[in-house]
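In what follows, a structure is listed as structure tokens, so that the remarks can point back to it.
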Amino acid sequence: MNEQGQTPPSVQFKDRTVGLVVFGVLQILIGAFCALAIPLMLLSLWLGQAGGAAAVNARTMIPVIAQYALAAVIAVWLGIGSILARRWARALTLVLAWIGLICGVLGLLFFFVFMGDMYQQLAQEQKMPPQAVVVMQVVTGAVLGCIYVFLPGIFILFYRSKHVWATCRFKDPQVRWTDKCPLPVLAVSLLLGFGACSVILCAPAYGAVFPWFGVLLEGPAALSLLLVDALLLACLAWGTYKLKKWAWLGTIALMALWGVSAIVTFSRVSIRVLYEKMSFPEEQFEIIEKSGLLEKMNMPWMMGIFCAAYLAYLLYVGRYFFSSTAQQHVS
């Protein structure tokens, strides 16, 4: 690869232009589906106005609507980029597909491990036969598996191909911003940036509540910490993309601090207390409580495992921050 990043003519590869177009159209359709979900959610809020619950539901739906809007924009943007065989589209699609696959597998495991009692509770209330419950679980699991595991899986299989990479390099010879950061590190940067946006969106929707080493801070103290948290995440996202050593060390320190604080807090504070302080809709919480889900969930252990896995991944990508050729690394 020369300075412009173009594939030398002597290098042979299979042209994947058609595949890039097909997967680009698929991404645009996914974006259209996400956009269509927004008016449907707004319609459900409008139809469900009763007993003063609408105001709470509308407030808590703000982050969900914002996430679907962001997902729609990103999917359409990446779809167009894929059709045009842009390097940045291939890189971002691959990173987001890996993130989606990991989250999807974890979500599917959560569904099969923790949601069985909820279906049994539903069966008892509706007097449904056991066979119908099994069918519901299988169908729901299959749909979730298709959306959150199969779809990101096929995106990974296609976009990780060396022929797709070579096609994008040939058709888009200009070095793009995604070429300046190794993809495993770019994933961390995107997660940190998404975390900063989530803090800003969720704080006004669910109330300013901040778990802090065994207590739940509220009011100005919690709001101040949330704002500082969002600023730190944004700063670390930028520094991580730039492969700054301080950003890597800072991210490890922040994740470790979060992990210890969460473990200590949820060892002393019930999850119900947290939901109450976050103004979580009582109707929704009652459904969760009746299902027995909270009894199964061990929050300290879950938070500990999550933070340990995140820290392990950060240690894995640490090699890129100390490599002299990291800036020229291309996945």
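Summarising the amide proton neighbourhood of Trp212: residues at separation of 5 or more, or on other chains, whose placed amide H is nearer than 5 Å comprise Leu217.
Under 5 Å between amide hydrogens, built in the peptide plane, is the criterion, and for Leu84 it picks out nothing among residues at least 5 positions away or on other chains. Put in order of Cβ neighbour count within 10 Å, fewest first, the listed residues Thr140, Thr240, Thr167 become Thr140, Thr167, Thr240.
Bear in mind these aren't lab numbers, they're just calculated from the coordinates by the rules spelled out. Keep in mind the model is a prediction, meaning the values are calculated, not measured. As a convention, Cβ positions derive from the backbone with ideal geometry for all residues, glycine included, and neighbour counts pool all protein chains shown.
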